[in-house]
Structures are given as C-alpha cells and as structure tokens.
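Here's the structure, in structure tokens; my notes come after.
Where a number appears in this text, it was derived from the coordinates with a stated rule and is not lab data. Owing to the predicted nature of the structure, the values given are computational and were not obtained by experimental measurement. Every residue, glycine among them, receives a Cβ derived from its backbone with ideal geometry; neighbour counts consider all protein chains shown.
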Amino acid sequence: MSWHKRVIDWVELRLGIRDILAQNLTEYLLPRNTNVWYTLGAVLLTLFALQFLTGILLLVHYVPDSNEAFKSVNRIMNEIPFGWLIRYLHVVGSNMIVIALLLHMFSVLFMKSYYRPREVTWLSGFGLFNLGLALCLTGYLLPWSQLSFWATTVATDAAGAVPVVGDQLVRFLRGGPMVSDTTLGRFFALHVMGLPLLFGLLVGLHLFCVRRAGISSPPFGSDYRLWEPKDRFRHQHHPGGIPFFPNYATKDTAVICFFLAALLTVVIFAPTIFIPPDALEPANPFTTPAHIKPEWYFLWAYQTLKIFPSKFLGLAAQGALMTFLALLPFIDRGPERRPAQRPIFVTCYVLGVLILIGLSIWGHYS
Amino acid sequence: MKRLKPLLWAGIGLFLLLLAVPGPVLAAETSCLQCHGAQSGRFGEPVPLWRQSIHAANGISCHNCHGGDPTVMSMDAMSPERGFRGVPAKTDIPDFCGRCHIGVKEDYLQSAHGKALGKGGPQCVTCHSNHKVVAASPALINPQSCTRCHDYGRAADIKAAVTSTDQMIGGISDDLAGLHHLGIDVKEMQGKLFSLRNEFHRLFHEVDAEKVRQQTADFQQRLGQIRQQVTVIQERLDQRKLVGGGVIALLVLAGVLAALIRKNYHEEERAGE
C-alpha cells in the first residue's frame, strides 16, 4: 500500500473525509445550464485569499505610525525582495475584487437569484459588498500619502452632513477633529483585524447559505422551472445535473486563470492605472492637492453629492438606494425570474447601470 | 401591515447605517483663489494665469509671494499685520523673487541684464512673466523676446551652447518622473538632478556664452552618471516585464486548457442525455 493511501485511510478512519469530499465535490450536482457568471464566486474567493496572503506579507514590514508609514511602504516597494510585487498585487487586487463583486452582484440581480428562499444569501452578499468597500476605504489611508490623507479627510468630512450627530460622527471616525495618527491607528486596526474578521464570518455565512439552500438554476432556456419551497425548508437538488468536481470546477479554474492573468497584466504593465501621482507623495496636512478625487468605484457617490443642493440630501439619496438594493428580495416578491418576462425590471436595471456609469464618468471629468 | 412593520424598521435601521458610510466632497481652495477667482477685470486676471504657471504646478500659491493669510475669508487676509506684501515696484522685483531664487538673483545682478535694472533693462517677469510664471528653459531665449531690447546674435550663441545639455536634463527628468510614478525611490537622483539643473540654469542668467561652453562638458559628465543609474533601473524593469509576461502567458494557457477540458466534459454530458 502506498504511503499517501495510508495517510488518507488514517484520516478517513477518524474523520470520514471521503464522504465529505464526495458530498461536496463529485456528488454535488449543479444545474446543467449553469453559465459563466456562476464562476464569479470562486473568482472572488481566490482574490480574497490573495488579498489575505499579500496583506499578511505587507504587515511584516508596514509600520502603522504617521512618521513611519510612508517610509515603510517606500521600503517595501524598493528594498524588500519582491515587495513591489506583493504591494501591487494587493493594490490592484483590491480593485479587481470590486470589479468582480460588481459583476457578481449585477448578474445575481439580473437572474433574480435573490428570490425566496435565498434572501439571507443576498443580504450576506450585499453585506460583503459593503464590507469590501469599507476595506478599500480603510486601506486607502494606510500608506499615509497625500492622496491617503486628503481622500480620508474629505470622506470622513461628509459624515458631518448627518443632522444633529454629524460633528460627533466625524470626530468618532477620525478619533479627533482632524485626520491624524489616531485615525491611522483605528483605520489600521479596522483594516487588518476588525473588518477582515467580520468579512470572514460573512463569507462563511454566505457559503453556508449557498450550500444549504442549493444553487439556483439560471432563469434561461427550456430547463427553467419555477422552484419555491412553500411550507418548510427544502434544499434545491438538481437531479441529472453535472458534478461540481471535476466537470464544473474546470470552468471555475478557467475563469480564475483569466482573472489572475488580467490582474498580473495590470501589475506588470500598467500598475499606475490605480495609483495617481498624489499617492506617491508623503502626507502633508498643510498642503491641499488641487484635485482630490475618490477611487473609481466611489465616483458615482462623489458626483451624487455634488448634484444635490445639500450634502445631507446627497447622502440620503445614496442611503435610500443602498437600502432599496439590500431589501430588494423583500420588495420584488413575484415568482417570475425570466428577464424576458420582466420588462419593467430589465428597463430599470439597464437604466440603473447606465446612470451609475454616467455618474462615474461625470464625476471623473467634473 | 403587521408583517411589514419589522421590514420597515429594518429598512430605517439599514438606511441610518448606510448614511454613516461617508462619501467624499471637494477640498477647499485658499481665500485668495476663492475671492480673486470670482472677480473679473484686473483683480480676477491673475488666477487663471497662475493656474497655468510653474508655481501652481509646484504648489507655490499667491500667499507664498504676496504674503497675507490664505485661511482668512475676508479683506483682513491682506492686512500688513498678516504679512501681506502686495505688488512690488518694477525695480524691487529681483528682490521679491530672489527671496526664494537666491542664487539666480546673485547671477542676474552681476549680469548685463542686472546692471541695467532701473535703466530700461529687464527684470525677472520680463522673460518669465508674472503670475503665469514660466520655468527657465532655452525656449525663453528667442528672437521675439530678446529683440525687444537688443540684437539676437549673442542670445542665439548662448541658446546654442545650453540647448543640448538642457535637453539631456529634460530627458533624465522625464525618465525619473516615470520611475517615480512606478513607486521607485528616485528621490536622491531627483535631488541631484534638481541641484545640477539649478546650477546649470544659473549660467543662463550670467548671459556669458563663453562660460556656458566651458562648463558644458563638466555638466554633461555629471548628468551621465545619473543617466547610467536610470538605465540600470530601466533594465531591471524590462526584466520584470519579460518574466511577468511569461507568467501571464502561462496563466492564459492554463485558462484555455481548463476551458477545453470543460468543453470536453460538456460534450460528454450532452452525449449522456
């Protein structure tokens, strides 16, 4: 008997691992018409893992102190072997994650995969999307560059528009009247510990929901059937479906490889796409750069604030939109999932996406 | 309605939570730019001119030259108690600019230009303009500008002597800016180049063609040392691109292979239907 078979047998005897693997890989059946959009979950898991790994490596050399932070990032980029690669993978990776999150969310919306009984799956996913953005925002301050300092100053300043508690909220976010060492300390703690912990738990809940309720079938083609448990919990099985492993896993692998190739292409050939010149100068609280713009994924929010006559109304509009999206499974309760049978939804969807893109472009050039 | 109540409360709670997620707003400009920028005529003219200047590009704002307090949003910003200096007389301009450009002022005062100050000779803004301040470069030495006061012959000699070295400085400066944008630490080299450029530009102000010619070889040799360091870094970056490109190609290949295997499975699945 070969040594690896003996190891597997040893583990099998104690944990019954073959059963678990079979149930979750070879005997776990997915709908036959599952499309490429379903691979985005695996892509996101891979990118999260990469962020986690590069984040830990960055932590070895990063110093969360306003006098040392910029220098330590500079040291990572110039003196630590492959430090440039680790940092660029982390920076570009965070942008790729936002792209993948948006694609995942929009595809779920279009296919109405949030429909009952998957409300918790949607809510946990929506929470992950917001936590992802919060991780981006907190990570932005850590290099303590001009961009970090001023982008955080204006971002935290907007919280001051909330009536009654606005000023206290700004002080709470910054840990004082101004962005300072205290802000860096709390953003660092949130970025490397608080938010990732919450994020990990939410990823666990999201995966549990997906696995527990079963994968939803795409609402396309002749295979489409209305499926809705009425009285008690039922896992959605897909008899006659394709095994997750190896059949479907190959599609996941292909898309993951293409995403990683795209990530590495930006890292090697055009890393500056996501790094404006102000990100290369150390923070100077006494010199305000001429044009501070948020990252591309916040541009729509930035432009919304400028359109409305008051900052509070702008924030309220953003809050209303996000609340509507979060509660969509409870609002859109009709059983029909096929886009062709939902013309009003598809019109709103297309208009919504166009407005989002339009506002972002406007925000970029305004 | 009863069933909707928890949903309503959840909605309100979530809404308030999302309100706490801040969005960015525009950063404010100095009081000088805000007040003068809103005015027309001679009081408003300097602002758009300044925005195109080398001073604006380097973060040198109104108060750095004219004094005053840029954080005060009233006429008090321009009170002498707050260090406001106002507009200098023509003959005071070299002293006004020379507070920062100390070496250039010394060279200028020793030159024929400086000796003619107050007697119809040029001062700083004659060539570099005021508000829309232009950086020192051979482009400033041109027939249109120089023949306002004298014959172009000697000026053309000086321009010919400085042009190749100045182009070399410009080329290295662009390359260093490119490397800096990639996050490479070129601060030391930028510092050396800055000091070399200033030293070289001081020659312009002496308006002595022979001295420029004599010193050009020394400047070019010192610039060559910086160029060599830049070349080493650029070669290292090219190597990164080569290896990175190989890894990208492997990833694409792996993706295509996985997609082909999936296609194979797909055909098997269809055959089994």
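Here are the numbers:
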read-out	value
Distant-in-sequence amide H partners of A:Ser145 (H built 1.01 Å from N, under 5 Å)	A:Ala283
Ranked packing of A:346-352, A:195-201, most packed first, by mean Cβ within 10 Å	A:195-201, A:346-352
Calculated FRET efficiency for the pair B:Gln34/A:Ala49, C-beta based, R₀ 45 Å, to 0.05	0.40
Rounded to whole Hz, the Karplus (6.51, -1.76, 1.60) HN-Hα couplings of the stretch A:37-50, x for glycine and proline	5, 6, 7, 5, x, 5, 4, 5, 4, 5, 5, 4, 4, 5
For A:Ile242, residues with placed amide H under 5 Å, excluding near neighbours	A:Leu30, A:Arg32
At R0 = 51 Å, FRET efficiency that the Cβ-Cβ distance of A:Val346 and A:Met193 yields, to 0.05	0.75
Prolate/oblate/rounded label for chain A (Cα gyration tensor, a/c 1.5)	oblate
B:Arg42-A:Val164 FRET efficiency (beta carbon distance; Förster radius 56 Å; 0.05 resolution)	0.75
Cα-based reach from A:Lys306 at 29 Å (exclusive), listing lysines while leaving out same-chain residues under 8 positions away	A:Lys293
Linear extension gain, A:Ile8 paired with A:Arg232, 0.36 nm per residue minus alpha-carbon span	76.8 nm
Under 29 Å from the Cα of B:Lys192 - lysines, other chains or at least 8 residues apart	A:Lys71, B:Lys105, B:Lys132, B:Lys159, B:Lys211, B:Lys241
For chain B, built as a Gaussian network whose Cα springs stay under 10 Å, the top-fluctuating residue of B:Asp95, B:Asp69, B:Asp185	B:Asp185
Calculated from backbone phi, Karplus (6.51, -1.76, 1.60) coupling profile of the stretch B:173-183 in Hz, x at Gly/Pro	4, 4, 5, 5, 5, x, 5, 4, 5, 8, x
A:Phe106-A:Ala270 pseudo-label distance in nm [points 7 Å out on the Cα-to-Cβ vector]	1.8 nm
Cα gyration tensor shape for the protein assembly as shown, rounded if a/c is under 1.5, else prolate or oblate	prolate
Cα→Cβ-extended label distance, 7 Å offset, between B:Asp185 and A:Arg211, nm	4.5 nm
Shielding by partners, peptide A:320-327 (average Cβ within 10 angstrom, other chains)	5
Student exercise, the stretch B:36-134 dipole from Lys, Arg, Asp, Glu Cβ charges, in Debye to nearest 20	280 debye
Kirkwood-based shape ratio for the stretch B:135-241, expressed as Rg/Rh from alpha carbons	1.07
Within-14-Å neighbourhood charge of A:Tyr62 [Cβ basis; K, R +1; D, E -1]	0
Candidates A:Val92, A:Val353, A:Val11, ranked by Gaussian network fluctuation over chain A, Cα under 10 Å, top entry	A:Val11
Total charge dipole magnitude, the protein assembly as shown, about the Cα centre, Cβ charges on Lys, Arg, Asp, Glu only, Debye to nearest 20	1640 debye
In Hz, Karplus ³J(HN,Hα) per residue of the stretch A:353-358 (6.51, -1.76, 1.60; θ = phi - 60°; x = Gly, Pro)	5, 5, 5, 4, 5, x
Average partner coverage of A:310-316, which counts Cβ from other chains inside 10 Å	2
Among B:Leu193, B:Ser53, B:Leu140 the positive-end extreme of the charge dipole of chain B (Cβ point charges)	B:Ser53
Summed side-chain charge close to A:Tyr140 - residues other than A:Tyr140 whose Cβ falls under 13 Å, Lys, Arg +1, Asp, Glu -1	-1
Order of A:Ser2, A:Ser72 under a 10 Å beta carbon neighbour criterion, fewest first	A:Ser2, A:Ser72
Distance from the stretch A:13-37 to the stretch A:112-153 (C-alpha centre basis), Å	30 Å
Packing-based ranking, highest mean first, of B:165-175, A:313-323 given that Cβ atoms within 10 Å are counted	A:313-323, B:165-175
GNM flexibility winner over chain A from A:Ile292, A:Ile273, A:Ile215 (Cα, springs under 10 Å)	A:Ile273
Average partner coverage of A:251-263, which counts Cβ from other chains inside 10 Å	6
